[in-house]
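Read-outs: derived from the displayed coordinates by stated rules, not from any lab. What you see is a predicted model; the values in this text were computed from it and never measured. Here the Cβ positions follow ideal geometry from the backbone for every residue, glycine too, while neighbour counts run over all protein chains shown.
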Amino acid sequence: MGWYNAANDLTFFKSLPKVELHRHLEGSVRVRTLKEIALEHNVPLPPQTGQLRPLVQIQSGDPLTSGNFLSKFQPLRQFYRSPEVITRVAREAVEDAVSDGIQYLELRFTPVALGRSQNFPLDSVMDWVIESTQEASRKYGITTRLIASVNRHESPELAKEVAGLAADRIDKGIVGLDMAGDEVKFPAQPFAGIFREAKQAGLFITLHAGEWSGAENVREAVEDLHADRIGHGVRVMDDPDVVAMVRERNIPFEVCITSNYQSGVVSTLEEHPFMNMLKAGLNVTLNTDDPEISGIILSDEYYMVCSVLKLSREALKDRIVAAAGAAFLPAAERRELVNSLRDTLLDIF
Ligand code: ADE
Ligand code: ZN
């Protein structure tokens, strides 16, 4: 796996206790599961089921653009046919995180994407995802928290509904609100009031910003939409003033390097600004974004950042602890997570 070397040895990286802060449920659905759902529910597929994979996963000949990347989510929407399907994909996302050694998972999901094709009520969709992920998490001993995600390219009215339903479910494990989607064509401002209210209601805020558009979007996310963390944010490096502002506020960045390469943010993995962000004193963390769409696991990302970007293993350990320190948890629980990870990692290094 991974986009740099098909035959790497992941043993060490798999053995590390990991933290994932930026992973979309809809980008985590196993292709094998999609094939089974297609058979069971008669989802219309291209003539050979073998052709499903290129529809939902980046292939080596694909154009490396944001449009192509986002296009992979569209066919997925017709697979969410029943509560059982949604329950299953949510459970499997937790299982896949567990088998990669993730100990703390923040899984974000887009209720509108999951509910649309069957017109499921959004509150039911959210409850199915909550129940399924919490049950699987108890079973496997992983801590999972959920983030409700809304798309910039969909209506603020829908986003308002999702934000309200998420705030009602903070005690059940929805701890954050995220904005994803097409950053190039759709501004964040129409959502500002919704995010302000969500924060007042007790949700943490993260926004995809400075991924496909510039550093100004990172400033806007922090200053106008009250983001506690930034999804991607790599374009922040274009503007030293914004770099200074986010460093001053110690805003964590959820960096997803392979995703950035596949969606055309950088033209090669080597050119990714992760190391420059780190050198600039930014609080960077490592994440997958959409593991199944990208064909990666988090261990691949850890391996790649060490082998391609030459992050030392010691510095990788610090990034894992930094991710724990950026968790959307109450302060005491966050401290506990940081301490327990630090202890486990000290035994390994
Ligand atoms: N939705 C899923 N992955 C995304 C990404 N990388 N950027 C914006 N929206 C997304
Ligand atoms: Zn994302």
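Taking the Cα centre of the stretch 125-219 as origin and charging only Cβ (+1 Lys, Arg; -1 Asp, Glu), how large is the dipole, in debye to the nearest 20?
For this selection, approximately 280 debye.
Distance between the modelled labels on N42 and Q200, one decimal in nanometres: 5.0 nm (7 Å Cα→Cβ projection). Taking 12 Å as the cut-off, the amide N atoms of the stretch 3-42 that come nearer than this to a point 7 Å along the Cα-to-beta-carbon line of R53 belong to 31-32.
On full extension of the chain, what length is gained from D127 through N339, given 0.36 nm per residue of separation minus the C-alpha to C-alpha distance?
Details: separation 212, 0.36 × 212 = 76.32 nm, distance 3.12 nm.
Stretched fully, the D127-N339 segment lengthens by 73.2 nm.
Principal axis extents of the C-alpha atoms in the chain (largest first, rounded to whole Å): 51, 48, 40.
For the stretch 1-140, what is the relative contact order in percent, using Cα pairs closer than 8 Å and at least 6 residues apart in sequence?
Values: 124 pairs, mean separation 48.6, N = 140.
Answer for the stretch 1-140 is 35 percent.
Net length available on complete extension from R247 to F186 is 19.3 nm, with 0.36 nm assigned per residue and the Cα-Cα distance removed.
Candidates L34, F186, G164 compared by Cα position along the dipole of the chain: farthest toward the positive end lies L34, with charges placed on Cβ.
For the chain, the relative contact order comes to 20 percent (Cα pairs under 8 Å, sequence separation of at least 6). Rounded to 0.05, the FRET efficiency of the I170 and D238 pair, given R0 = 41 Å and the Cβ-Cβ distance, is 0.70.
Highest mean packing first, where packing is the average number of other Cβ atoms within 10 Å per residue, the peptides 137-143, 301-307 line up as 301-307, 137-143. For the stretch 279-331, a crude dipole built from +1 on the beta carbon of Lys and Arg and -1 on the beta carbon of Asp and Glu, taken about the Cα centre, is about 360 debye to the nearest 20. Between T65 and S15, the C-beta separation translates, for a Förster distance of 35 Å, into a calculated FRET efficiency of about 0.50.
When only Cα pairs under 8 Å and 6 or more residues apart are kept, what is the percent relative contact order across the stretch 104-242? Write out the running numbers ahead of the final one.
Values: 233 pairs, mean separation 26.3, N = 139.
19 percent.
Each Lys and Arg adds +1 at its Cβ and each Asp and Glu adds -1 at its Cβ; summed about the Cα centre, the chain shows a dipole of about 400 debye. Over the C-alpha atoms of the stretch 1-132, the Rg to Rh ratio, Rh being the Kirkwood estimate, stands at 0.97.
Farthest towards the positive end of the charge dipole of the stretch 19-348, among the residues P54, V150, V266, is the Cα of P54, using unit charges on the Cβ of Lys, Arg, Asp and Glu.
Under the 0.36 nm per residue contour assumption, what length would be gained going from the current alpha-carbon distance of E271 and S312 to full extension? Kindly include the intermediate steps, with their values, before the conclusion.
Working: separation 41, 0.36 × 41 = 14.76 nm, distance 1.74 nm.
Separation in residues times 0.36 nm, less the Cα-Cα distance, equals 13.0 nm.
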